Every structure is written in structure tokens, then in C-alpha cells.
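Engineer: The structure follows.
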Amino acid sequence: MTSSIFRKIARHGTTLRCFYEWRRREKVPFRLRILPLLPALGILCSVGGAPAGWAGTWQVILVAGDDAQPVFDNAARELSRRLLAAGVPSGNIRRLSASNPELASGIESATAEHVLHRITELPARPGDECLIFLTSHGERGSGLWLARSDRALTPEELARALSHGCASVPTVVIISACYSGSFATGQMTKPNRVILTAARGDRPSFGCQAHRTYNFFDECLLDSLPQAGTWRSVFEGANHCVRRMEHALGAQPSEPQAYFGGTVAALRVGF
């Protein structure tokens, strides 16, 4: 579709800048035999506020904010596939897109209203973790471009939505766009959040070409994930990869940014 976003894309050589996881037993263990007695004894089986028997999992929002190039949907789709393969329930993964073919297949439209509503209404409970992945073009001084709304999603809007939907559970926010460093400062920073961005607040990122599968940052992120134990390791691997690709291109370094809150500084990837 035709979008005003094309006026916000600049070329560097031939590479577009990206401005916008019953087995039968012979003997029942003691802990299982005593479980039916616990209510009568007045013993609560919750830990840290989580409901009894609750096994926490990821609550996921994946957003491809523009359809100007296929790289955004490719990255969101691949991350969804990996999460499903790792055992994350499909009902916990909510994917939004700006692409007509994706919308025709039942994917929700990536309007600002839908994105913010989905994040705000996440059913995150103690023991869960949130993963928010947004990939698109970026608008300097504004935020992440959402073509279906013809405007940028701001860091302040995202911060408010996260405070409602994810509250104090460990939360990983990945913003893949030009000028996305603005999402790693200010209201976005909380002790329970890890924030990874594709660029400094005043720098473009690269790789948004129609013939590419992913942009530079998303490719490096996806390549780093299987090899990393923690989100800090994911960022270090992706950052090194981006620098190498940009050096080969002769482009000004985008300088990906990261923020690690005090309670999640060593948060493990978990999928």
C-alpha cells in the first residue's frame, strides 16, 4: 500500500535506512499423597503471589509496524515460530501487522490503538515474563512508526501500557527501528525491565531492503538468541554483529542501546 512513510526513508548507497518453550508411577511420592490434606491444614501453596499450581510463562506481543518492506513481518513471524517451538502456548503470543496479506490470514492490525490495548490488557501474573517486540521504521524525536495509524508510537505511550499490562513482572522490550534509543531512557526504564534498541536516539539503523529477509538488527538478534544464556549476552552478540555488518557497508554506526533494570540484570532468555 502507499504510505507517507516513504517520505521518511532515506538511502545509504543501496541499503535503506530503517527510519520508521503422565508417566505412570509404581509409588506415589509423599508430597503428592499429602497435597489433598493441605487445604484442611490451612496451608497455602502459592509462592510470591502466584496461584497454586501456576507455572509461569511468557506473555508476548510481536508487532510489525510497517509493510513498506517484508523484513518486519519476517522477523515477527520467525520469533513467533521459535517461541511456539520452545513451548510457549499459542494463546500467549499476540502478533500484529500492517501487511494486507497478514491481516487477511487473521493477524490483528498494528494500529496504535490495537498495540497499546494488547499490551495494556496482557494477563501477566507473578511468575510470568513479558516479551514485547516491535520492529518498524522509526521517526526521529517521535518513536516507532505504525503505518496503519500514520503516526509514531511514543516511548511515553509504551511505558504507560507496560506499567498496566506487565506491571512488575520481568519484562523484555525490543525496539528495532531507527532512532529507537529514545525507548531506553526516561519513563521506559524500570527495575524489572530489559530494553534493547537497534540504534541510538539520533542514529538510523540499516538493512530495510525488499530483497533482505531481516534488517541488520533483527538478523543479528535472531542469530544471537540460540547462543545466549542471558539477555545481556543476546545484546552483546547482536551489537557485535551489527557493528560488523555496518563496517562492511561503510555506514555510520547505529550504536544499538540497552538498559538492564536492577532486578533483571542477569535475566535468562528462557526459550
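The values are calculated or read from the model by the stated rules, or taken from the named source; none is laboratory data. This structure is a prediction, so every number in the text was calculated from the model and none was measured. Glycine gets a Cβ as well: all are built from the backbone with ideal geometry, and neighbour counts include every protein chain shown.
Engineer: List, please: which pairs have Cβ atoms under 8 Å, are six or more places apart or on different chains, and start with a residue in region 232-257 that is at positive phi and end with one that is assigned to a loop (DSSP other than H, G, I, E, B)?
Structural biologist: G250/G13; E255/A199; E255/R200; E255/R203
Engineer: Going through region 175-216 one residue at a time, which ones are within 27 Å of L122 (Cα to Cα), touching a helix residue (DSSP H, G or I) at 6+ places or on another chain (Cβ under 7 Å) and not in a loop (DSSP other than H, G, I, E, B)?
Structural biologist: If the condition is that a residue be within 27 Å of L122 (Cα to Cα), touching a helix residue (DSSP H, G or I) at 6+ places or on another chain (Cβ under 7 Å) and not in a loop (DSSP other than H, G, I, E, B), then I175, S176, S182, F183, G186, Q187, M188, V194, I195, L196, T197 are the ones that fit.
Engineer: Looking only at region 225-259, which residues are in contact with a helix residue (DSSP H, G or I) (Cβ under 7 Å, 6 or more places away or on another chain) and surrounded by fewer than 20 Cβ atoms within 10 Å (Cβ to Cβ)?
Structural biologist: Matches in region 225-259: L225, Q227, A228, G237, C241, M245, P253, A258, Y259.
Engineer: So V169 clears everything in (1) closer than 21 Å to I61 by Cβ; (2) hydrophobic (A, V, I, L, M, F, W, C); (3) touching a helix residue (DSSP H, G or I) at 6+ places or on another chain (Cβ under 9 Å) except one condition, right? Which one?
Structural biologist: If we test V169 against (1) closer than 21 Å to I61 by Cβ; (2) hydrophobic (A, V, I, L, M, F, W, C); (3) touching a helix residue (DSSP H, G or I) at 6+ places or on another chain (Cβ under 9 Å), just (3) comes out false.
Engineer: Now a separate question. Can you run down the residue pairs with Cβ atoms below 8 Å, 6 or more apart or on separate chains, where the first is in region 62-84 and farther than 20 Å from H211 by Cα and the partner is in a loop (DSSP other than H, G, I, E, B)?
Structural biologist: Between residues of region 62-84 that are farther than 20 Å from H211 by Cα and residues that are in a loop (DSSP other than H, G, I, E, B), the close pairs are V63/A110; V63/S136; R82/F271; L83/F271.
Engineer: So L221 passes all but one of these: (1) crowded, with 22+ Cβ neighbours inside 10 Å; (2) not in a helix (DSSP H, G or I). Which condition number does it fail?
Structural biologist: Tallying (1) crowded, with 22+ Cβ neighbours inside 10 Å; (2) not in a helix (DSSP H, G or I), L221 fails exactly one: (2).
Engineer: Can you tell me which residue in region 146-161 is surrounded by the most Cβ atoms within 10 Å (Cβ to Cβ), limited to those that are touching a helix residue (DSSP H, G or I) at 6+ places or on another chain (Cβ under 6 Å) and among the hydrophobic types (A, V, I, L, M, F, W, C)?
Structural biologist: Here the answer is L146.
Engineer: Among the candidates R193, R200, single out the residue that is over 16 Å from F133 (Cβ atoms) and of a type in the set (D, E, K, R).
Structural biologist: So the residue among R193, R200 that is over 16 Å from F133 (Cβ atoms) and of a type in the set (D, E, K, R) is R200.
Engineer: While we're looking at this one, here's another question. Tell me yes or no: at least one residue of region 210-220 is touching a Leu at 6+ places or on another chain (Cβ under 8 Å), closer than 16 Å to L131 by Cβ and of a type outside the set (A, V, I, L, M). Don't jump to the end; show me each part of the working.
Structural biologist: Step one: filter region 210-220 for residues touching a Leu at 6+ places or on another chain (Cβ under 8 Å), giving 214.
From what's left, closer than 16 Å to L131 by Cβ: none.
No, region 210-220 contains no residue that is touching a Leu at 6+ places or on another chain (Cβ under 8 Å), closer than 16 Å to L131 by Cβ and of a type outside the set (A, V, I, L, M).
Engineer: With the requirement that a residue be closer than 14 Å to A75 by Cβ and outside any strand (DSSP E or B), what does region 93-106 give you?
Structural biologist: Hits for region 93-106 are A98, S99, E102.
Engineer: Out of region 88-108, which residues are small (G, A, S) and under 17 Å from the mean Cα position of the chain (by Cα)?
Structural biologist: The answer is S90, G91, S97, A98.
Engineer: Tell me, which residue of region 260-271 that is among the small types (G, A, S) and modelled with pLDDT of 95 or more is surrounded by the most Cβ atoms within 10 Å (Cβ to Cβ)?
Structural biologist: G261
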